[in-house]
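Here the structure comes first, spelled out in structure tokens, and everything after it is commentary.
The values are calculated or read from the model by the stated rules, or taken from the named source; none is laboratory data. Everything numeric here is computed off the predicted structure, so don't read it as measured data. All Cβ positions, even for glycine, are placed from backbone atoms using ideal geometry, and neighbour counts span all protein chains on display.
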Amino acid sequence: MLKKIFISIIGFVQLASATSLENILERLESDNHILKEKKSKINSSKIDVDLSNTWSNPVFGIGMNNINIDSPEKRDIEAMQTQYITLSQSIPTNGKLELNREIKEFDLLMNELRYEDNKQKLKSQVISYSYSIVLQKEKFELFNKYLENLSKQKELMNLLYENGKIDQSSLVNLDIKIYKVKLKQQKLLYKIKKEQNNLEKIVYKKINDIELPTTITNLKKITSLNFESHPMIMLKKEQIAQQNKKIKLENSKKISDLKLTVGYYQREEYDDYFSFNVSIPLSTNGREDMQITKSKIDKDSLSESLANLKEQLTSTISDLEAKIYTSKKNFELIDEKMIPLNNTLEQSHQIHLSTNMMQSLGVYESTNSKYELMLLSNDEKISYFDSLSKLFYFKGEL
């Protein structure tokens, strides 16, 4: 599936020991502690469903009454002295047991959706980190080549300075430029290490080199998808459906559960006897109606939350699509137009090079310009893949 998701990036050197993105994603699903926690909650919810469909335990009682203070051991003084055992059972009424089971089934489904949402979110992060790391390593190598060219340029400029062709300020400005490039390279190295650490925290594996897939899904197909099936949207819908069941449950509580009690009473020198009792709480204080009103307010709140979530997702997806489009246009413009133009300029300087050292300086400057354009293109590709990985998450593509 992933081989249909990603575009080729020309020029990356893939080592035999490189870890494939597919392998990283598989490791994520099997080893990530967040996902394991979510799976445990799913298993716990399954038990809750079974528990919700069972009656409460019966209550067993044993006792005696009318204990004589002067002769507590005597149980035949008068007819009211009895020893007894009782058994009480609460009996659910009005479909409350079934409603409780349905509510717990919603909890199970919602935990499954939370698991799926977390899995998609983590996959999105893995893809973003992976592409960013590979592209930034390429960027690091571009800095090395850039610095190498600047170093050669400096050698030439030293000769020009010694021959009085340029002033010292040109050398100073070049040194400042070299230090700025080194500064950027140092920051980039820190960023690469940080993102590698972030990736390793997700998959719990040391990753040095990453092998990326070679193709990507057509963007038009991605942007035409409906996000209604996204786990976050579905989760909110299930919460609303569950709230409807909770309202029905509160309505059913207007008829309270029965409590049945039976007992056997034993008396010394008198006849034994049985008794039974049925009790039911009376709904006279309006508590159930108040709870129904509260449950309906909670449902309205969830409905508003769903509407807000849809608006946020629509806005986020629109922003990501715009960023993807812009970044793609930018690196295509740089790679297909600006760099070829710069190469033409570089070739022009080389044609007229001969023995003119000042013309040689123009060759170095045009090469510097090429590396700067390649670095810009690299930044746009990082932005492109970061936004694309997020779009895959919001569109439920992972």
task: Could you tell me whether LEU21 is in contact with a Ser or Thr (Cβ under 9 Å, 6 or more places away or on another chain), farther than 30 Å from ILE240 by Cα and of a type outside the set (Asp, Glu)?
output: yes
message: For the condition assigned to a helix (DSSP H, G or I) and without any contact (Cβ under 8 Å) to a residue 40 or more places away in the chain, what is the one hit in THR367, THR326, THR316?
response: THR326
query: In the set LEU87, LEU99, which member is assigned to a helix (DSSP H, G or I) and of a type in the set (A, V, I, L, M)?
result: LEU99
- line: Checked ILE69, ILE62 against criteria (assigned to a strand (DSSP E or B) and surrounded by fewer than 12 Cβ atoms within 10 Å (Cβ to Cβ)); the one match is ILE62
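Search region 250-277 for residues being of a type outside the set (Phe, Trp, Tyr) and free of Cβ contacts under 8 Å to residues at least 12 places away in the same chain, and hand back the single one that is farthest from PHE60 (Cα to Cα).
Let us first name the residues in region 250-277 that are of a type outside the set (Phe, Trp, Tyr), namely 250-263, 266-269, 271-272, 275, 277.
Those still in the list that are free of Cβ contacts under 8 Å to residues at least 12 places away in the same chain too: 271-272.
Numbers: ASP271: 23, ASP272: 19 Å.
Top of the filtered list is ASP271.
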query: Looking at (1) of a type in the set (Gly, Ala, Ser); (2) modelled with pLDDT of 80 or more; (3) on the phi > 0 side of the Ramachandran plot, can you tell me which one SER45 breaks?
result: (3)
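I'd like to know if region 254-262 contains one or more residues that are assigned to a loop (DSSP other than H, G, I, E, B) and among the aliphatic types (A, V, I, L, M).
Yes - at least one qualifying residue is present in region 254-262.
Taking region 63-79, which residues are of a type outside the set (Gly, Ala, Ser) and free of Cβ contacts under 8 Å to residues at least 40 places away in the same chain?
Here is the first cut: in region 63-79, the residues of a type outside the set (Gly, Ala, Ser) are 64-70, 72-78.
Those that are of a type outside the set (Gly, Ala, Ser) and free of Cβ contacts under 8 Å to residues at least 40 places away in the same chain: MET64, ASN65, ASN66, ILE67, ASN68, ILE69, ASP70, PRO72, GLU73, LYS74, ILE77, GLU78.
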Count - residues of region 278-313 that are without any contact (Cβ under 8 Å) to a residue 24 or more places away in the chain and among the β-branched types (Val, Ile, Thr): 4
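Can you tell me which of ASP31, ASP50 is under 30 Å from GLN120 (Cβ atoms) and touching a Phe, Trp or Tyr at 6+ places or on another chain (Cβ under 7 Å)? Working first, answer last.
Values: ASP50 fails: touching a Phe, Trp or Tyr at 6+ places or on another chain (Cβ under 7 Å).
From the options ASP31, ASP50, the qualifying one is ASP31.
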task: Out of the residues in region 1-42 that are of a type in the set (Val, Ile, Thr) and at pLDDT 50 or above, state the one that is surrounded by the fewest Cβ atoms within 10 Å (Cβ to Cβ).
output: ILE34
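Which residue out of LEU189, LEU183, LEU199 is assigned to a helix (DSSP H, G or I), surrounded by fewer than 15 Cβ atoms within 10 Å (Cβ to Cβ) and within 30 Å of the chain's Cα centre (by Cα)? Even if it seems obvious, please write down each step before you answer.
Details: LEU183 fails: within 30 Å of the chain's Cα centre (by Cα); LEU199 fails: surrounded by fewer than 15 Cβ atoms within 10 Å (Cβ to Cβ).
Step by step, each of LEU189, LEU183, LEU199 is checked, and only LEU189 is assigned to a helix (DSSP H, G or I), surrounded by fewer than 15 Cβ atoms within 10 Å (Cβ to Cβ) and within 30 Å of the chain's Cα centre (by Cα).
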